[in-house]
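Worksheet: one structure, shown below.
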């Protein structure tokens, strides 16, 4: 078994050599469009559309990432992102459904000019006119001048939306964060958050559940520390993302004991911990429920447990545990914070 190597080039190779084949995607068509409810900071329920954009792969080779499967190998063609946003807007308008906010998730960094060409900013912004809030995702190191320019394009619209940027902190554990090969540290994350705050841009943060390189006995402690870093940096939303295998690299790390895939009870416990940490003031915590089936060990209690997590996301409060008559399990208790 090849050990996880030191050094950027060797880690790139470790990740790339273990990937399955990338599916082919049309850069002029989005991966999908999803509309769901999400609680807003003022306690109301917003209807939020998420457009899963197709574009260039992120230049970083994070060891836990599986988003590259939804990208293309070359640069995103000029006009493609604006076309995808326009098509999503047309679909939403034709449905007659009220949508308040839109997330543009491009499986990479919105402020990477090779993923979202700067020449597209005004056309993209025009397609977003009238929404109350727009969320894009970015690596912290790319928050800068292009953020200013996209914000300026939004503010030129007739009914300009507020901008929120989602950044992956992943974990505040310094050694684990370095080994994730994200090529950032907590101080870099804080600097990017400060830059967003200076621009009046909102912050949403992704934190991993069961990240590799964090000892099992320390997972809950570092989850709480990560939440503290995110909220201290000004995050109004923290999304808990289960670390999912499937990219080859995580399977290799599981083989040498550096990674333990999370189970459903890990996500349940993590959300309970995060809920207790969020406190008041409109701060929200969400559990990512995508592909939840992969985390489940018992098919008989999966759906009620999914419904419980969805209710906790929507209502932002604890829900009674689900006790399964087949497996006897219920959400693992959250340790005292």
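Would you point out which residue out of 145, 125 is touching a helix residue (DSSP H, G or I) at 6+ places or on another chain (Cβ under 6 Å) and more than 30 Å from residue 257 (Cα to Cα)?
Working: 145 fails: touching a helix residue (DSSP H, G or I) at 6+ places or on another chain (Cβ under 6 Å).
Exactly one of 145, 125 is touching a helix residue (DSSP H, G or I) at 6+ places or on another chain (Cβ under 6 Å) and more than 30 Å from residue 257 (Cα to Cα), namely 125.
In the set (1) out of contact with any helix residue (DSSP H, G or I) (no Cβ under 6 Å at 6 or more places or on another chain); (2) buried (at least 21 other Cβ atoms within 10 Å of the Cβ); (3) assigned to a loop (DSSP other than H, G, I, E, B), residue 88 fails one condition alone, (3). For residue 242, the conditions (1) surrounded by 15 or more Cβ atoms within 10 Å (Cβ to Cβ); (2) farther than 25 Å from residue 180 by Cα; (3) modelled with pLDDT of 95 or more are fulfilled apart from (2). Scanning segment 36-59 for residues that are under 18 Å from residue 117 (Cα atoms) and buried (at least 19 other Cβ atoms within 10 Å of the Cβ) yields a count of 7. Tell me which residues, restricted to segment 245-265, are surrounded by fewer than 22 Cβ atoms within 10 Å (Cβ to Cβ) and farther than 20 Å from residue 21 by Cα. Selection gives 254, 255, 256, 257, 258, 260, 261, 263, 265. Scanning segment 7-14 turns up no residue that is out of contact with any strand residue (DSSP E or B) (no Cβ under 6 Å at 6 or more places or on another chain), within 20 Å of residue 136 (Cα to Cα) and surrounded by 13 or more Cβ atoms within 10 Å (Cβ to Cβ).
Looking at segment 103-114, which of its residues are in contact with a helix residue (DSSP H, G or I) (Cβ under 8 Å, 6 or more places away or on another chain) and more than 17 Å from residue 86 (Cα to Cα)? Don't jump to the end; show me each part of the working.
Applying the first criterion (in contact with a helix residue (DSSP H, G or I) (Cβ under 8 Å, 6 or more places away or on another chain)) to segment 103-114 yields 104, 106-113.
The answer is 107, 108, 109, 111, 112, 113.
From the list 251, 280, the one residue that fits, being closer than 30 Å to residue 2 by Cβ and either modelled with pLDDT under 95 or in a helix (DSSP H, G or I) (or both), is 251.
Scanning segment 157-205 for residues that are out of contact with any helix residue (DSSP H, G or I) (no Cβ under 9 Å at 6 or more places or on another chain), within 22 Å of residue 249 (Cα to Cα) and part of a helix (DSSP H, G or I) gives 175, 178. For residue 224, are the conditions met, namely being assigned to a helix (DSSP H, G or I) and either buried (at least 21 other Cβ atoms within 10 Å of the Cβ) or over 18 Å from the mean Cα position of the chain (by Cα) (or both)? In short, no. In segment 302-309 there is no residue that is surrounded by fewer than 22 Cβ atoms within 10 Å (Cβ to Cβ) and within 25 Å of residue 61 (Cα to Cα). The set of residues from segment 26-74 being within 20 Å of residue 244 (Cβ to Cβ) and in a strand (DSSP E or B) comprises 32, 34, 36, 50, 52. Only a single item in (1) surrounded by fewer than 20 Cβ atoms within 10 Å (Cβ to Cβ); (2) more than 26 Å from residue 210 (Cβ to Cβ); (3) in contact with a helix residue (DSSP H, G or I) (Cβ under 7 Å, 6 or more places away or on another chain) is not met by residue 152, and it is number (3). Taken over segment 206-231, the criterion of being under 22 Å from residue 11 (Cα atoms), without any contact (Cβ under 8 Å) to a residue 60 or more places away in the chain and out of contact with any helix residue (DSSP H, G or I) (no Cβ under 7 Å at 6 or more places or on another chain) is satisfied by 215 alone.
The values are calculated or read from the model by the stated rules, or taken from the named source; none is laboratory data. Small disclaimer: the values here were computed from a predicted structure and weren't measured. FYI the Cβ positions are ideal-geometry reconstructions off the backbone, even for glycines, and counts take in every protein chain you see.
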